[in-house]
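Colleague: One structure is given below, represented as C-alpha cells, and several questions about it will come after.
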Amino acid sequence: GQAVTVAFSQPDAGWATPALSGLAAAIATNVVQTVKQAGQNAPRSLQRTIGPSEIGTPCVRRLAYKLCDWPTVNTDSDPWASIIGTAVHAWMEETFRAENERLGQERYVVERRLHIRGNIYGNADLFDRAHGVNIDWKITSPDRLKKYRQNGPGQQYRVQAHLYGLGQENAGEQVNDVAIVFLPRGGRIDGLHVWAEPYDRQVALDALQRLDNVLTLLHQPGMDPGENPDAFAYFPASDAYCTFCPWFQPGSTNAGAGCPGAG
C-alpha cells in the first residue's frame, strides 16, 4: 500500500495540501475536507446562545464576544479532538442506557436537557440518582490529564459542573455532588481521573451574576459594540487557552476585529 503524510500550509490557507500526489494524496485531502466541514456544522459548533460550558470562562472579553454573537475570526481549528469527544459521549450514552435496562430501573438519567435560567440551557451527560451526583465527561490529552490531577478542573469546568447541578435541581432531582470524569484520549480507561465536590448552588448563582454584570456593561452608553466595536477592549482578557478562542487574532490592535490575547 501507499503511505501518505498530510502536511498543512499556512494557517489561513484552508485545507490540507498532501505531501504526495496520486490516489493516496487525493484521499487524504478529501478525508480532511469532509471531516472539517462536518465538524463546523456539528450542533455544538453551531450553538449561538451561551451555555454552561462557556459561562465560567476566566476571560471576561471572551464572554462579551459570545454574548454579542460577534463574528469569529479564528475558524481554522482542527475539529478532530471535538469529533473524538462527540463519539465517546455517544458511546457512553448507549452504555449507561443499557445499564439502566440491565438494572431494571432508571438509576442513570442520560443526556438530559436542562433549563438553567431564562434562555440558558445545557445538556447533562449523566446523573446518578443512587448518589445524587451529576457527572460530566471530558475527553482529554495525557498532558492536560496530568494538569487536572495536580491542579483540579479549573474555574470554567468547575462552574459548568455546578450550573449542571442547578439545572438538575430545577428538574426536581436531589443533587448532593457534582463530578467531572476526565477520560484519556489515549491509553487505558483505568487511567481516568475523577474530580468531585459537594454541590454548591451559590457557585452557579455567582457565575450567573457575573454574566449579568457583563450584560449590564454592554448596555452602558458607549459600550454597545454595534456602535463602538472597540468597546471590547474595555473588557479584560485573561489567559484561557487563547489560541483556541474563536476571537483570537494575533497582533490585533482593534478589539472589534479580534483579540490579540491576554497581556
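The values are calculated or read from the model by the stated rules, or taken from the named source; none is laboratory data. Just so we're clear, the structure is a prediction, and the values are computed from it rather than from any experiment. Because the Cβ atoms are built from the backbone with ideal geometry, glycine has one as well, and the counts that use them run over all protein chains shown. Side chains included, ligands, DNA and RNA excluded: accessible areas come from the protein's heavy atoms. Shrake-Rupley method; radii C 1.70, N 1.55, O 1.52, S 1.80 Å.
Colleague: Name the pairs whose Cβ atoms lie under 6 Å apart, with the first residue in segment 96-108 and open to solvent by 70 Å² or more (accessible area, probe 1.4 Å), the second modelled with pLDDT of 95 or more, and 6 or more positions between them or separate chains?
Modeller: Listed pairs, sorted by first residue: 97/110; 106/100.
Colleague: Continuing with this model, one more query. Could you pull out every one of the helices (runs of 4 or more DSSP H) wholly within segment 1-83 that has 3 or more residues that are at pLDDT below 85, open to solvent by less than 70 Å² (accessible area, probe 1.4 Å) and touching a strand residue (DSSP E or B) at 6+ places or on another chain (Cβ under 9 Å)?
Modeller: Counting at least 3 such residues, we get 23-40.
Colleague: One residue is enough: does segment 244-262 have a residue meeting the conditions open to solvent by 30 Å² or more (accessible area, probe 1.4 Å), part of a loop (DSSP other than H, G, I, E, B) and touching a Cys at 6+ places or on another chain (Cβ under 8 Å)?
Modeller: yes
Colleague: Suppose the filter is free of Cβ contacts under 8 Å to residues at least 40 places away in the same chain, open to solvent by less than 70 Å² (accessible area, probe 1.4 Å) and among the charged types (D, E, K, R); does residue 212 pass it?
Modeller: Spelling it out, residue 212 is indeed free of Cβ contacts under 8 Å to residues at least 40 places away in the same chain, open to solvent by less than 70 Å² (accessible area, probe 1.4 Å) and among the charged types (D, E, K, R).
Colleague: Being within 19 Å of residue 176 (Cα to Cα) and either of a type in the set (A, V, I, L, M) or not in a strand (DSSP E or B) (or both), is that true of even one residue in segment 87-107? Lay out the reasoning, then the answer.
Modeller: Step one: list which residues in segment 87-107 are within 19 Å of residue 176 (Cα to Cα), which gives 106-107.
With the extra rule that they be either of a type in the set (A, V, I, L, M) or not in a strand (DSSP E or B) (or both), the set shrinks to 106-107.
So far as segment 87-107 goes, yes, one or more of its residues are within 19 Å of residue 176 (Cα to Cα) and either of a type in the set (A, V, I, L, M) or not in a strand (DSSP E or B) (or both).
Colleague: I'd like to verify a number: residues in segment 215-238 that are farther than 20 Å from residue 55 by Cβ and loosely packed, with under 12 Cβ neighbours inside 10 Å, how many?
Modeller: 5
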